[in-house]
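Below is one structure, written out as structure tokens, with a few remarks after it.
The values are calculated or read from the model by the stated rules, or taken from the named source; none is laboratory data. Bear in mind the structure is a predicted one, so any value in this text is a computation, not a measurement. Positions of Cβ are backbone-derived with ideal geometry, glycine not excepted, and every protein chain shown enters the neighbour counts. These accessible areas exclude ligands, DNA and RNA; they are computed on the full protein's heavy atoms, side chains included. Shrake-Rupley method; radii C 1.70, N 1.55, O 1.52, S 1.80 Å.
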Amino acid sequence: MARLAKVNRRSVYYWFNQQYLKTELIYQIGVHIKHDFSVEFPHLFKPDDFAQVDYQRGPKSGNELSHQNEVSYWKDKYLETLEKYNLLLTKMAEKYTAEIESEMKNRSDQK
């Protein structure tokens, strides 16, 4: 279960020690173990909630696409920030090198 849900085993143990689970978590567990929980929890789910699941690929909703877009956004944001940081480091290194070269030239001129 932990491997399918991409969480550690402690999380799964924690879930099953809880008196109440979030509806979304019950749904995800049903998807991962390929079980329609609308039978056990008719007040939470309708049979067609689980009918929308392609058990080979997971939910057919836009959640997966939305998550992928979010991951892509943050990855791009991270790379952009990293590039700016590298540019800043390069400029600082160039400035520091120029100052050292200038100081060395001044010392050699004084001798």
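In region 39-55, the residues that are on the phi < 0 side of the Ramachandran plot reach residues that are of a type in the set (Val, Ile, Thr) and modelled with pLDDT under 90 with C-beta atoms within less than 7 angstrom, at least six apart or across chains, in these pairs: PHE41/ILE26; LEU44/THR23; LEU44/ILE26; VAL53/VAL31.
When the residues of region 20-36 are filtered to those that are within 21 Å of the chain's Cα centre (by Cα), assigned to a helix (DSSP H, G or I) and not hydrophobic (A, V, I, L, M, F, W, C), the one that is surrounded by the most Cβ atoms within 10 Å (Cβ to Cβ) is TYR27. Taking the criterion of being in contact (Cβ under 8 Å) with a residue 12 or more places away in the chain and open to solvent by 60 Å² or more (accessible area, probe 1.4 Å), the residues of region 1-19 that qualify are MET1, LEU4.
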